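Here the structure comes first, spelled out in C-alpha cells, and everything after it is commentary.
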Amino acid sequence: MNWRKWCDEFILAGKGIVLATKEKRFWYGFIPSFLFFGILMNLLSGGFSKFELMSAVGFPANLKIILDSFLAIFGYNQPFLDWLPIFSISILQGILIGLIVLLWKKKKEQNSANLERAGIITGLIALGAGCPTCGTTLLTPLIGAIFSTGSLAIAGTISTIITILAIIIAILSLKRLGEETYVTIINEKYLARKKKEKNEKSA
C-alpha cells in the first residue's frame, strides 16, 4: 500500500470537508442528521426499553425522554466512555449526509446534463457508506436480546466491535466523499473565474 498516496488522499478529503463547512447547504444536511442520529442512538442505548416506556407514559413524559436523549448527545449525565462513541458516530454521519446534500446541489447547478451521474454517485455513496449509525443502534439491542444475562460481557464486546467498525466505515466513506467535494467545489470556482474573465474581455 502506498501510504504517502493514502495520506495525501485523506488530506485532500479534509480540505474538501473544510470547504464544505463554508456552504450553507452543508449545514442543512449536517444539523438535522447529527441531531436525529444522536437522539436515536441515545434512545436505543439501553435496547428498546425507552421506546417501551414512551408507549406507556403520556406526552409530557415522552418529551422529557427525548429531551434527555438530546442533551445526552453533548455528554449531559453521560459517562465519558458511553458518550464518546455516540457523539463520534453522530458527527461522522452528519458530515456524510451534509456532504451528500451539498454534492447533489452542486452537481445540479453546474450542469443539468450531469444530474443522472450525480444521482448515481449519490446512490453509490449512500450504499457504500451504508448507515453505520443505524447498523450500530439496531444491532446493539438485538445482540442484548439474543445473549442471556450471563453473557452480557460477550454482547458488550460485540457491540464495541460493531461501533468501531461503524466509525471506520464512516471515516473511509468521508475520505471518498471529501475528495469528490473538493474536486467539485474547486471546479465550480474555476468555472466561475473563467466566466468572469470572459465577461470582462467581452465588456
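Nothing in this text is a laboratory measurement; each read-out follows from the coordinates by a stated rule. Fair warning: this is a prediction, and the values are worked out from it, not measured in the lab. No Cβ is skipped: glycine too gets one built from the backbone with ideal geometry, and neighbour counts run over all protein chains shown.
Some notes on this structure:
- Summed side-chain charge close to ARG193 - residues other than ARG193 whose Cβ falls under 15 Å, Lys, Arg +1, Asp, Glu -1: +3
- Taking Cβ atoms as reference points and 12 Å as the exclusive limit, the residues near LYS105 contribute a net charge of +2, counting Lys and Arg as +1 and Asp and Glu as -1.
- Protection proxy ranking of 89-100, 4-15, by the mean of other Cβ atoms within 10 Å over each peptide's residues and highest first, is 89-100, 4-15.
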